[in-house]
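One structure is given here, and the rest of the page talks about it.
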Amino acid sequence: MEIKDLHGKYFLKVDLERNLVYEKPIGYWTSEDVKRLHNDYVEKIVPLFNGEEWAKLCDLSAYKVSMITEDIQDHVEWGWKNAFTTAATVLDKYDNYRSVIELQMKIAAKDKSFKQEFFYKIENAEKWLKTQGF
């Protein structure tokens, strides 16, 4: 299954064999953008996993630092309560704000007991996810 945001802010692809969601946020985000993304997870994606653990490969190479940390925290909290266990996040190695984006994602996942790693190449994120069972 593939989902494209109506406003062009994200692309989601679900691999049901691996219980893996590929997520690609694009550009600067608002709270409304996060709400649409969250609703797609609630209504269309997570029900497909039937309560089984799932992971996310989030490619942030086209994402711009946005003031949505609390919104992301809420989304991650909901995911964690709904069997989200593992996150592989890909950053743009040449983005001057990559350390800020990484910190934003770490804060969003604070106090959650799931695995989270950061990468500069999608291939490395894929390899790591396979070692985690996804």
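In whole Å, what is the distance between the alpha-carbon centres of the range 1-27 and the range 75-134?
15
Under unit Cβ charges (Lys, Arg +1; Asp, Glu -1), what dipole magnitude, rounded to 20 debye, does the range 1-121 have relative to its Cα centre?
Dipole about the Cα centre, nearest 20: 260 debye.
Kindly report, to the nearest 10 Å², the accessible surface of TYR28 as traced by a 1.4 Å probe over protein heavy atoms only.
That residue has around 110 Å² of solvent-accessible surface.
For the chain, modelled as a GNM with alpha-carbon contacts under 10 angstrom, which of ASP92, ASP15, ASP71 fluctuates the most?
Its mean-square fluctuation being the largest, the pick is ASP15.
Could you please report the charge total around THR86, scoring K, R as +1 and D, E as -1 over all other residues with beta-carbon less than 9 angstrom from its beta-carbon?
Charge balance near THR86 sits at 0.
Can you compute the FRET efficiency between ASN39 and LYS64 using 1/(1 + (r/R0)^6), with r the Cβ-Cβ distance and R0 = 22 Å? Round to the nearest 0.05.
0.50
Which value, in Å² rounded to 10, gives the accessible area of LYS4 with a 1.4 Å probe and all protein chains present?
150
Measuring from label point to label point, each 7 Å out along Cα→Cβ, what is the ALA83 to LEU48 span in nm?
About 1.4 nm, to one decimal.
Mean residue ellipticity at 222 nm from the helices of the chain, using -39,500 (n - 2.57) per DSSP H segment of n ≥ 4 over the full residue count, to the nearest 500 deg cm²/dmol?
-10000 deg cm²/dmol
Under a 1.4 Å probe, what is the accessible area of the range 2-132 per residue, stated in Å²?
56
Got a number for carbon plus sulfur as a percent of the chain's accessible area, 1.4 Å probe?
Its accessible area is 51 percent carbon and sulfur atoms.
Along the positive direction of the dipole of the chain (beta-carbon charges: Lys, Arg +1; Asp, Glu -1; about the Cα centre), which of ALA88, HIS38, PHE11 reaches farthest?
Of ALA88, HIS38, PHE11, it is ALA88.
Any idea what the alpha-carbon Rg over 2.2 N^0.38 Å comes to for the range 17-134?
Normalised Cα radius of gyration, the range 17-134: 0.99.
The values are calculated or read from the model by the stated rules, or taken from the named source; none is laboratory data. It should be emphasised that the depicted structure is a prediction, and the values quoted were computed from it without experimental measurement. For neighbour counting, all protein chains shown are included, and Cβ atoms are generated from backbone atoms with ideal geometry for every residue, glycine included. Accessible surface is based on the protein model in full, side chains and every heavy atom, while ligands, DNA and RNA are left aside. Shrake-Rupley method; radii C 1.70, N 1.55, O 1.52, S 1.80 Å.
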